[in-house]
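Report on one structure; see the data block that follows.
The values are calculated or read from the model by the stated rules, or taken from the named source; none is laboratory data. All of these numbers come straight from a predicted model, not from anything done at the bench. Neighbour counts are summed over all protein chains in view; Cβ atoms, including those assigned to glycine, are modelled from backbone coordinates with ideal geometry. Surface accessibility is based on the protein's heavy atoms, side chains included, excluding ligands, DNA and RNA. Shrake-Rupley method; radii C 1.70, N 1.55, O 1.52, S 1.80 Å.
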Amino acid sequence: MKILVIEDNPSNMKLAALVAGNAGHAVLRADNAPDGLALARAERPDLILMDIQLPGMDGLAATRALKADPATADIPVIALTSYAMKGDAEKIRAAGCDDYLAKPYHYSDLLAAIGRVLAESAQRSGRRPE
Ligand code: MN
């Protein structure tokens, strides 16, 4: 599978790319939202790992833009956030994210979230339209 990581912090990028790469996925990288949106449209990744705190356009706005574009609306998004404050989970879900992890997370937590979200996505796309 192809996983796009949108993350501005180099060490967070390194960890997310390592987890995804070691799980056998091809990894695409962007360090800001506009580049990430362009890569998502061009490459149609199977999953996006989205940092929420990005310079300029943040991860919530970027996720809303992805979900509003028919070309990228079906790509699942896992939000990676430094803040896990009350109400954040609702905001993250409302923006269209499928799941989220609070940083710092354990390697195994991200690995599990990737597996879970990809499995759910495969199940959705295999389902016949009603
Ligand atoms: Mn960040």
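Figures for the structure shown
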item	result
Condition met for I3 (surrounded by 14 or more Cβ atoms within 10 Å (Cβ to Cβ), away from the ligand (no atom under 16 Å from the Cβ) and of a type outside the set (D, E))	yes
Checklist (1) part of a helix (DSSP H, G or I); (2) within 22 Å of A113 (Cα to Cα); (3) among the aliphatic types (A, V, I, L, M) applied to A65, failing item	(2)
Hits in region 36-66 (condition: under 17 Å from N12 (Cβ atoms) and either away from the ligand (no atom under 15 Å from the Cβ) or free of Cβ contacts under 8 Å to residues at least 24 places away in the same chain (or both))	L47
Qualifying residue in region 110-117 (condition: within 14 Å of I3 (Cβ to Cβ) and part of a strand (DSSP E or B))	no
Residue count, region 6-17 (criterion: of a type in the set (S, T, N, Q) and surrounded by 14 or more Cβ atoms within 10 Å (Cβ to Cβ))	2
So L80, is it part of a strand (DSSP E or B) and open to solvent by less than 80 Å² (accessible area, probe 1.4 Å)	yes
Given (1) within 16 Å of the ligand (Cβ to nearest atom); (2) out of contact with any strand residue (DSSP E or B) (no Cβ under 6 Å at 6 or more places or on another chain); (3) not in a helix (DSSP H, G or I), number of the condition L15 does not satisfy	(3)
Output for region 18-48, where each listed residue is closer than 22 Å to G96 by Cα, open to solvent by less than 40 Å² (accessible area, probe 1.4 Å) and part of a helix (DSSP H, G or I)	A20, A33, G36, L37, A40
